[in-house]
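Written out below as C-alpha cells is the structure these notes cover.
FYI, it's all coordinate maths here, none of it is from the lab. Fair warning: this is a prediction, and the values are worked out from it, not measured in the lab. FYI the Cβ positions are ideal-geometry reconstructions off the backbone, even for glycines, and counts take in every protein chain you see.
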Amino acid sequence: MSSELPLLSLLIWVPIVGGLAVLAVGTGNNSAPAVRWLSLIVALVTFVLSLVLFFDFDRSTYLMQFVEKAPWVPVFDIYYHLGVDGISMPLAVLTTFTSVIVVLAAWEVIRVRVAQYMAAFLIMEGMMIGVFCALDAVLFYVFWEAMLIPMFLVIGIWGGPRRIYAALKFFLYTFLGSVLLLVALIYLYFQAGSFEILDFHALKIGLEAQILIFLAFLVAFAVKVPMWPVHTWLPDAHVEAPTGGSVVLAAIMLKMGTYGFIRFMLPITPDASAELDGLIITLSLIAVIYIALVALVQEDMKKLIAYSSISHMGFVTLGFFLVFTIFRDSGSVQGAALGVEGALVQMVSHGFVSGAMFLCVGVLYDRMHSRLIGDYGGVINTMPHFGAFMVFFALANAGLPGTSGFVGEFLVIMGAFKANFWYALLAATSLILGAAYSLWMVKRVVFGKVANDNVAALKDINPREMLVLGSVAFFVLLLGVWPDPLLEVMHSSVAHLLAHVTVSKL
Amino acid sequence: MEFTHPNFYAAMPEIFVLAMACIILVVDVFLSDRNRVVTYLMALATLFGAAVLTLTLHSSPTGVTFDGMFISDAMGDLLKMFIYVVTATVFLYSREYLAARGLLRGEFFVLGLFGLLGMMVMVSAYSMLTLYLGLELMSLALYAMVALNRDSVASSEAAMKYFVLGALASGLLLYGMSMLYGATGTLSIGGLSERITQGTSNDPVLLFGLVFIIVGLAFKLGAVPFHMWIPDVYHGAPTSMTLYISSAPKIAAFAITIRLVADGLGGLHMHWQEMMIILSMLSITVGNVIALAQTNIKRMLAYSTISHIGFMLLGILTGTVAGYSAAMFYILVYTLMTLGGFGMIILLSRSGFEADRLEDFKGLNERSPWFAFMMLIIMFSTAGVPPTVGFYAKLAVLRAVVDIDMVWLAVFAVLFSVIGAAYYLRVVKYMYFEKADDTAPLAASLDMRAVMSLNGIVVLALGVFPGFLMKLCADVLG
C-alpha cells in the first residue's frame, strides 16, 4: 500500500509545526481563546489524518507500510525512515486521539501560559508518533529522548506542589534508562552495518552479546513501562503532573516502553529473551500482584491510578514473554499469539481507560483542589452524570466484560494458561485485586452520603467534559464488545513476529 | 648558501591579522572613549577579512612552508574559520557588557586579536617551535585579558592563577618537547612521526617526553587532574573574558593535540591511549560530579567544560580518523554551546549587576519566553539530549569509542552524562519552574539579542540537520 501523501511525516510534523504556530499566536495579549481553538484544530487535523492511516492500512501483510525513506545524516548512515505495521499503527492512532482529548480537557482549566501548555502537548504528540513510526534506530532514539523535554516542562510548570521534584525524577530516571539503549544501538550498528531496525532484526548475534544487549534494552524500556522495581518515578510524576500530563503519561508514554519490548527486545535478542524470560515474567507478576496491593492502600486517587497502571502494564510485559514457555512446551506458537495480542489490546485499552480515570480525577480536582479520597464521598448525589462515567471507567479498569479492559486481560490470562497454570492463576488474581481497588475507591468517592459541604457544592460536568469523557467511554465500550477491528490489524504482524522470535539467532 | 623564498600565501590570514592588530593598536590611541566603536568595528572587519582570505586561499592544496614550520591544510582552515566566528561572537557579546563596566578599551580588541593570531599559529603549526610560539602568544594575550579589570581583586587573582599555572603547563610542554627532540633529533611534526615509525618508539626518553607533552596539553585543555585553574579563572574573570578563554582556545588546543599527539606521536598510540583513558574518565567524573554542587553558573559551566573535555578526549584516544573527526565535531559543538551559555549570562547582566548565580535565572520564562527557550535549547544540548546538536556530538564520540571495542568506556561516559543532565536541568528548573525575583526587563541591545537568538537557533538547527557539519569534520581529517 502506498499513499500519495507522506502520511506519517504529516502525522509527525503537523502537530510539531502546529505547536510552534500556537507558541507564535500565544505571544499576544488575550490570545488564550485563539490558542485553544488553534490547538484543537491542529489536534483534530492530526486525528483525522491518523484515521486515514487506520482505514488505508493493509491488514493482510506484516510488512511495513506507508514507508518513507530519505538520507538524513549520510556520514553516519542515519536515515529518515518511517513506516508502520500492525503493532505500531494502533498506537499512533491512540496518540492522536489522546491529544485531542488532552487539548479539550485543558480548555478552561489551564489559565497560565496556555500557549506554552498547548504547544508542549502538540510538539510531544508529534514526537510520540515519531517514536512509533521510526524505523531507523537513531531516529527512534531522537524522538524517544526529545519527548522528555516537553513532558519535563509540563510536569514542572503546571504540576502540583512537589512538581519540581517529580519533574527532575521523571527526567533523570528515564534519561538514565535510555542512555544504555543508545550504547546498545551503536553496538548493533557496528554489527549490522546500518541503523535500520529491520536489519537489527535479521542480525545474528551470539548469546553473550545478546544478553548484554537485552539487559541494556531492559533498563531502558523497563523504566519507561515501568516495571517493578524501577517504577517509583511514575507515582510521583503522575501525582504532580497536571491532568493532561497524567493522561499522556498513562495513555502513551508507558506504551513506549512496551512498544520497545516488542519492537527491539523480542526480535533483536530472541535467544536472550528466551533465556531470561523467567526474569521478566517474575517481575511482571510482582507488578501485577504486589503493585495492585499497593494500589489498594493509596489515599490519593492519582496515586491509586498510577499504581493500577503499573499493575496493568505488568500484564502487557507478561503477555509478551509467555511465548517462550509456550514454545518450549508445545513446539508451536499457536497459543502464544493470544498472549501477545492480548498484551497489545491491553496497551490500547489501558490507554483509554487509565487516561479516562485521570480525566475523572482531573474533573474532581478542578472543582475541589484535592485528590485525596478522604475529602470526597457521595459525589453521585451532586454530580450524577460524572458519577456514572467514573463508575463505568472504574469497572473498565477492573476488567469488566463488555469493556476494553476485559479483552486484553482475558486474552493474556488465556495465553498464560497455555504456558503455565500458576502464571495464569497469579495473573488472574489481579482481576480480583483490580476490582477491589477500583471499586473500593469508587465506593468511597462516588457513593455514600454527601461527605461535606464542599462535595455538596459540586457542580456536575459541563458539556465539554461530557464530550471528553463520553468519547473515551465510546471507545472503551466499542473495543469491549467488538475488538475485532483492532485484533485484525495486528494478526499478520504478530504472527510474523512470533515466527521470527522462535527462530534462534545463534 | 641558497635562500628559498617561503610561500607567504599559505600564511596570508596570519599576516593580515598581525598587520591589522598593529594598525588597530595605533588607531585606538587616537580615539576617545566615545569613538571606541571604531576599534570594535575594525576588529570585526579584521576577522571578516581573515575569513575571506582563508576561504579564498582554501583551494590551494596542503602546503608546508617556512622551512617545514607551518602547514596550511583543510583541517586548519576549518578550525580557523570557526575560531574567527567564535571570536567575532565574543566581540559582539562583549561590547555592551564591557562598556557598562568601563572596560571597553582598545586593549580588549587588540589582545583578542593577538590571542587569535596565537591560535591561528597553533592551528597551523607543523613544528614544535611554532606550536610553542603560537601557544605562548595566545596565552600571554589571555592572561592580560583576564587581568584587564585590574581594580577587581577576583580578576587579578584569577589572572595570577592563570598565569602561574599556564606558565607551569607551558614549561612542562616545552620540557616534553626538548625530550622528544633529544630522542629523535627533529622538531618537525612530520619528522617526529617518521622517526617514531622507524622504530625508536620504545626509547624511554621518548616516553618521558610523551608524558610531559600529555601533561602539558591536559593543563591547557583543562583535563582532570590538571583542571584546578579552570573554575577559579572562569569565575574570577569578567564574563566576556570567560567567554573568550572558554571557547576559541579550546579549538586551538584541540588542534595542537591532534598535530602533536595524533600526527607526530601517532606511533606511540598504545602509550598515550592509556593516559588519555585515565584523563578522560577522571574529567568526566570530577567535572560532572563537582558541577552538581555549584551555585554559581560560571563555576558550573567551568566544571561542565571539564567534563566536555573528557568526552572530547574519548574521541581522540580512539586513535582512528573517525575518532578524531568525532572529537573535532565535539569541540566545535562545544564552543557553540559555551558561547550560548556564557552569552546568556552577559545578556542577563546589566550595569552593576552580574547574572552569574543560578538564582539569577529564576523565572526567566516569565521575563522573556524567547531567551528562556534559547537557554533551554543550549542547556539540553550541553546535556546531550536530542534534538539538539549536543546529542550528535556525544553520538559521534560514542560511535568512535564503540568502534574500537571499548563498550565499557562508552557505558561509563553515558552514565556520567546522566549526572551531567541533572545540573543542566537545574538551570531549566530555575528558568521555567520558579518565580522571578527580579522582574527588570532585559536590557540587552538589538545586536546582542539577534546574535544570541542565532546562537540558540543554530544549536537547534544543527540538531535537526547535523549531517553537513559532521561531513565537513570527517572530510578535513579523511
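Mean separation of Cα pairs under 8 Å and 6 or more residues apart, divided by the residue count, gives chain A a relative contact order of 15 percent. Can you find, among A:Y80, A:I305, A:Y376, the residue sitting farthest towards the positive end of the charge dipole of chain A, where Lys and Arg contribute +1 and Asp and Glu -1 at Cβ? Going by the Cα projections, it comes out as A:Y376.
What is region A:115-183 by shape, rounded, prolate or oblate, if you read a ≥ b ≥ c off the alpha carbon gyration tensor as root eigenvalues and call it rounded for a/c under 1.5, prolate for a/b larger than b/c, and oblate otherwise?
On the way: a/c = 4.01, a/b = 1.38, b/c = 2.90.
Oblate, since a/c reaches 1.5 and b/c is not below a/b.
Note on region B:355-478: the C-alpha convex hull projects to 9.1 nm² when averaged across all orientations.
Dipole of the protein assembly as shown computed with +1 at Lys/Arg Cβ and -1 at Asp/Glu Cβ about the Cα centre; of B:G319, A:L283, B:N296, farthest Cα towards the positive end is B:N296. Normalised by 2.2 N^0.38 Å, where N is the number of residues, the alpha-carbon radius of gyration of the protein assembly as shown equals 1.01.
Which loop trypsin sites (Lys or Arg not before Pro) in region B:388-459, with loop taken from DSSP, have no more than 14 other Cβ atoms within 10 angstrom of their Cβ? When the trypsin sites (Lys or Arg not before Pro) of region B:388-459 are filtered for loop state and at most 14 Cβ neighbours within 10 Å, B:K435 remain.
With the charge dipole of the protein assembly as shown set up from +1 on Lys and Arg Cβ and -1 on Asp and Glu Cβ about the Cα centre, the Cα lying farthest toward the positive end among the listed residues B:L268, A:V102, B:P204 is that of A:V102.
For region B:1-71, the extents of the C-alpha atoms along the principal axes are 52, 30, 13 Å, listed from largest to smallest.
When the trypsin sites (Lys or Arg not before Pro) in region A:101-170 are filtered for DSSP coil states and for at most 13 other beta-carbon atoms within 10 Å of their beta-carbon, the remaining sites are A:R111, A:R162.
Using Cβ point charges alone (K and R +1, D and E -1), the dipole size of chain A about the Cα centre works out to roughly 1140 debye. Simple point charges give the picture: +1 on the Cβ of Lys and Arg, -1 on the Cβ of Asp and Glu, and for region B:9-477 a dipole about the Cα centre of about 700 debye. With a ≥ b ≥ c the root eigenvalues of the C-alpha gyration tensor of region A:31-137, is it rounded (a/c under 1.5), prolate (a/b larger than b/c) or oblate? In terms of gyration-tensor shape, oblate. Provide, in order from the shortest bin, the percent of all Cα-Cα pairs of chain A in each 10 Å bin, continuing until the bin that contains the maximum pair distance. All Cα pairs considered, the percentages come to 4, 21, 32, 27, 12, 3, 0.
Are there any trypsin sites (Lys or Arg not before Pro) in region A:422-483 that are in a DSSP loop and have at most 12 other Cβ atoms within 10 Å? List them by number.
A:K449, A:K459
Each label point was placed 7 Å from the Cα along the Cα-to-Cβ direction; for A:Q334 and A:V481 their separation is 3.3 nm.
Rounded to the nearest 20, the size of the Cβ-charge dipole of the protein assembly as shown about its Cα centre is 1840 debye, with Lys and Arg at +1 and Asp and Glu at -1.
The mean sequence separation of alpha-carbon pairs under 8 Å and at least six residues apart, normalised by the residue count of chain B, gives a relative contact order of 14 percent.
Over region B:26-130, the reciprocal of the mean inverse Cα-Cα separation, the Kirkwood hydrodynamic radius, stands at 15.0 Å.
Check every DSSP H run in chain A and write down those whose alpha carbon atoms cover 24 angstrom or more along the long axis and whose mean Kyte-Doolittle hydropathy is 1.0 or greater.
On the way: long enough: A:7-25 (26 Å, 2.53); A:32-56 (36 Å, 1.97); A:88-105 (25 Å, 1.98); A:114-133 (29 Å, 1.66); A:163-192 (42 Å, 1.57); A:207-224 (25 Å, 2.07); A:301-330 (43 Å, 0.91); A:336-368 (46 Å, 1.16); A:421-445 (36 Å, 1.20); A:463-481 (26 Å, 1.78); A:484-501 (25 Å, 0.75).
In chain A, the long hydrophobic H runs are A:7-25, A:32-56, A:88-105, A:114-133, A:163-192, A:207-224, A:336-368, A:421-445, A:463-481.
From least to most packed, judged by other beta carbons within 10 angstrom and beginning with the fewest, B:T285, B:T56 follow the order B:T56, B:T285.
Rg/Rh for region B:9-477: what does it come to with C-alpha atoms and Rh from Kirkwood? Spell out each step's value before the answer.
Values: Rg = 21.1 Å, Rh = 22.1 Å.
Radius of gyration relative to Kirkwood radius: 0.95.
Treating each Cα of region B:380-431 as one equal point scatterer and applying the Debye formula with no solvent, the log10 of I(q)/I(0) at q = 0.15, 0.22, 0.30 Å⁻¹ comes out as -0.43, -0.79, -1.11.
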